[in-house]
Amino acid sequence: MKVLVLGGGVIGVTSAYYLAKAGHEVTVVDRQPEPALETSFANAGEVSPGYASPWAGPGVPIKAIKWLLMRHGPLVIRPKLDPVMWVWLLKMLRNCTSARYAINKSRMIPLAEYSRDCLRALRSETGIHYDERQRGTLQLFRYASQLDHTAGDIAVLKQYGVPYEVLDRAGCIAAEPALAVVEDKFVGGMRLPEDETGDCHMFTEALATEAARLGVQFIFNTKIERLTSDGSKISGVVTSAGLLQADAYVAALGSWSPRLLRPLGISIPVYPVKGYSITVPVIDPDGAPVSTVMDESYKVAITRLGNRIRVGGTAEISGYSDRLDATRRATLDHSVTDMFPRGGDLSKATFWCGLRPMTPDGPPIIGATRYGNLHLNTGHGTLGWTMACGSGRVLADMISGRKPGIDASELSISRYDRRFG
Ligand SMILES: Cc1cc2nc3c(=O)[nH]c(=O)nc-3n(C[C@H](O)[C@H](O)[C@H](O)COP(=O)(O)OP(=O)(O)OC[C@H]3O[C@@H](n4cnc5c(N)ncnc54)[C@H](O)[C@@H]3O)c2cc1C
């Protein structure tokens, strides 16, 4: 089949790679000059199935109020006269019950674990490098109360058979030796040894090169204006470079997916949640993290990527704005200088923001639509890098008429037709 993949972020490129491996004739179209220049560009670098949880959970509404009032808080809401924003927030609230959380998490963990396995297989198959490391991730607690509250997380990790280590101060320092100089700033942590790290942009670029070797064509600098249909099937995609046609179409447009789908009568609850990162050159490797340290108090992830430290965080609900807010940078600067004061040169850091394509329940949307030849792979929110390979593989299997490696039926858009969407 001829398949046209709309969007060349990490989700579009992994989809294209697995589709090409399955024998399809694949083209990727994107408005940017290269792959992964939007949300997949400078994320926090965690491939972390262990942390694959919905943001909507029991207790989150109360915590959200605290976060909104906190200096360096992880959540910012800039209210807008946009009904889509409010409907999305209400849907998220509705998913904050224990029952919904359990269902949503049970849909995310198998995909995230499968995705990490696919990434490992892909690495050995292609030999690609992306400043990757396989040294686990460490959630660091500044306060004893945070350590006391891990019981719920541990129960879930046990339920899904995810290996974990609860560490005291010395254990954290053994995992991340640079923390020795700030040992009075934290009380302990939880380590997920099976998690990995790596640069999502480097990965996507390298995989695009592999995909091109398999025959995938990339059409860059091309804006998708709209999709056309004959009522039951997609008949083409109108772009700034003219009409593109294929047998099947994959929408992997991140936060912009709902905008291009809405005129077709397809409504998906994907909304942009802005996040920020800084990338800091390492000046003292012994003072830098060896993997990801998640500073739990600020929900800031500090990750070693080769000779750089990537520091990412903040959930800002402010529509599609891509304005860089200096206050958010102050939070990232604070967290990294507090925990790794000698590691990097902040004066040479680059500042970035991206729009996480979030669903209110947490899992992405993968699978067919009521247009027989239009498939979705979008809404990966805070975990798109973690879930990319698994999502691409599942989608390629579905389009090829093969049974996916995991049960993906609950990831489809049809879950929103039911009561709790
Ligand atoms: C601060 C931050 C930290 C994060 N940290 C992590 C992490 O540690 N681990 C993790 O797993 N995930 C993380 N994420 C989430 C992850 O980065 C995203 O889920 C992922 O990048 C989404 O990929 P995507 O391909 O769906 O979207 P994108 O990368 O945005 O790709 C969509 C593509 O569609 C193209 N496009 C859109 N509209 C059009 C149009 N009209 N015409 C043509 N092209 C179009 C865009 O150019 C873009 O290339 C983080 C995100 C942020 C913001």
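The values are calculated or read from the model by the stated rules, or taken from the named source; none is laboratory data. Just so it is clear, the model here is predicted, and its values are computed rather than measured. Backbone-built Cβ (ideal geometry, glycine too); neighbour counts: all protein chains shown. We work out accessible area using only protein heavy atoms, side chains counted, and drop any ligands, DNA or RNA first. Shrake-Rupley method; radii C 1.70, N 1.55, O 1.52, S 1.80 Å.
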* Structure fact -> Restricting attention to segment 253-270, the residues that are within 11 Å of the ligand (Cβ to nearest atom) and open to solvent by 10 Å² or more (accessible area, probe 1.4 Å) number exactly 5
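Is one or more of the residues making up segment 16-29 within 16 Å of the ligand (Cβ to nearest atom), assigned to a loop (DSSP other than H, G, I, E, B) and under 20 Å from the mean Cα position of the chain (by Cα)?
Keep residues of segment 16-29 that are within 16 Å of the ligand (Cβ to nearest atom), which gives 16-19, 26-29.
If we keep only those that are assigned to a loop (DSSP other than H, G, I, E, B) too, we end up with none.
Within segment 16-29, not a single residue is within 16 Å of the ligand (Cβ to nearest atom), assigned to a loop (DSSP other than H, G, I, E, B) and under 20 Å from the mean Cα position of the chain (by Cα).
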* **Residue list for segment 162-206, filter: open to solvent by 50 Å² or more (accessible area, probe 1.4 Å), closer than 30 Å to LEU122 by Cβ and out of contact with any helix residue (DSSP H, G or I) (no Cβ under 9 Å at 6 or more places or on another chain)** => MET202
* Asked: Of everything in segment 59-118 that's crowded, with 16+ Cβ neighbours inside 10 Å and in a loop (DSSP other than H, G, I, E, B), which residue is farthest from the chain's Cα centre (by Cα)?
  -> HIS72
* Structure fact -> Across (1) within 30 Å of PRO289 (Cβ to Cβ); (2) open to solvent by less than 20 Å² (accessible area, probe 1.4 Å), TRP55 clears everything bar (2)
* To do: May I ask you to list pairs of residues, at least six apart or on different chains, whose Cβ atoms are under 8 Å apart, with the first in segment 139-163 being more than 24 Å from GLU196 (Cβ to Cβ) and the second being charged (D, E, K, R) and surrounded by fewer than 18 Cβ atoms within 10 Å (Cβ to Cβ)?
  => ARG142/LYS185
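Every residue, every condition in (1) modelled with pLDDT under 95; (2) out of contact with any Leu (no Cβ under 9 Å at 6 or more places or on another chain); (3) more than 18 Å from GLU132 (Cα to Cα), yes or no:
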{"site": "VAL3", "(1), (2), (3)": "no, no, yes"}
{"site": "HIS24", "(1), (2), (3)": "no, yes, yes"}
{"site": "GLN32", "(1), (2), (3)": "no, yes, yes"}
{"site": "GLU38", "(1), (2), (3)": "no, no, yes"}
{"site": "GLY57", "(1), (2), (3)": "yes, yes, yes"}
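Would you point out which residue out of ARG342, ARG356 is in contact with an Asp or Glu (Cβ under 9 Å, 6 or more places away or on another chain) and either open to solvent by 40 Å² or more (accessible area, probe 1.4 Å) or part of a strand (DSSP E or B) (or both)? Walk me through how you get there before you give the answer.
Working: ARG356 fails: in contact with an Asp or Glu (Cβ under 9 Å, 6 or more places away or on another chain).
When all the criteria are applied, what remains is ARG342.
How about segment 359-368: which of its residues are away from the ligand (no atom under 13 Å from the Cβ) and open to solvent by less than 20 Å² (accessible area, probe 1.4 Å)?
Answer for segment 359-368, where residues must be away from the ligand (no atom under 13 Å from the Cβ) and open to solvent by less than 20 Å² (accessible area, probe 1.4 Å): PRO360, ASP361, GLY367.
Among SER145, SER106, SER115, SER98, which is in contact with a strand residue (DSSP E or B) (Cβ under 9 Å, 6 or more places away or on another chain) and of a type outside the set (Phe, Trp, Tyr)? Outline the logic, then answer.
Details: SER145 fails: in contact with a strand residue (DSSP E or B) (Cβ under 9 Å, 6 or more places away or on another chain); SER106 fails: in contact with a strand residue (DSSP E or B) (Cβ under 9 Å, 6 or more places away or on another chain); SER98 fails: in contact with a strand residue (DSSP E or B) (Cβ under 9 Å, 6 or more places away or on another chain).
Among SER145, SER106, SER115, SER98, only SER115 is in contact with a strand residue (DSSP E or B) (Cβ under 9 Å, 6 or more places away or on another chain) and of a type outside the set (Phe, Trp, Tyr).
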* **Boolean, THR386 is polar (S, T, N, Q), surrounded by 19 or more Cβ atoms within 10 Å (Cβ to Cβ) and in a helix (DSSP H, G or I)** => yes
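For ARG71, state whether it is more than 12 Å from the ligand (Cβ to nearest atom) and touching a helix residue (DSSP H, G or I) at 6+ places or on another chain (Cβ under 9 Å). Before the answer, list the steps.
Values: more than 12 Å from the ligand (Cβ to nearest atom): yes; touching a helix residue (DSSP H, G or I) at 6+ places or on another chain (Cβ under 9 Å): yes.
In short, yes.
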* Among the candidates VAL216, VAL273, residue that is within 16 Å of the ligand (Cβ to nearest atom), under 30 Å from ARG107 (Cα atoms) and surrounded by 17 or more Cβ atoms within 10 Å (Cβ to Cβ) -> VAL273
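Going by the conditions given, is ARG133 under 19 Å from the mean Cα position of the chain (by Cα), over 18 Å from GLY405 (Cα atoms) and among the charged types (D, E, K, R)?
yes
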* Structure fact -> Within segment 283-318, residues being touching a Pro at 6+ places or on another chain (Cβ under 7 Å) and part of a loop (DSSP other than H, G, I, E, B) number 3
* To do: For segment 308-339, enumerate the residues that are touching a helix residue (DSSP H, G or I) at 6+ places or on another chain (Cβ under 8 Å), open to solvent by 20 Å² or more (accessible area, probe 1.4 Å) and not aromatic (Phe, Trp, Tyr).
  => ASP333, THR337, ASP338
* Structure fact -> The correct count of residues that are outside any loop (DSSP other than H, G, I, E, B), closer than 30 Å to LYS2 by Cβ and under 20 Å from the mean Cα position of the chain (by Cα) in segment 244-282 is 8
* Test VAL47 against the stated conditions and say whether it is β-branched (Val, Ile, Thr) and in contact with a Pro (Cβ under 6 Å, 6 or more places away or on another chain). => no
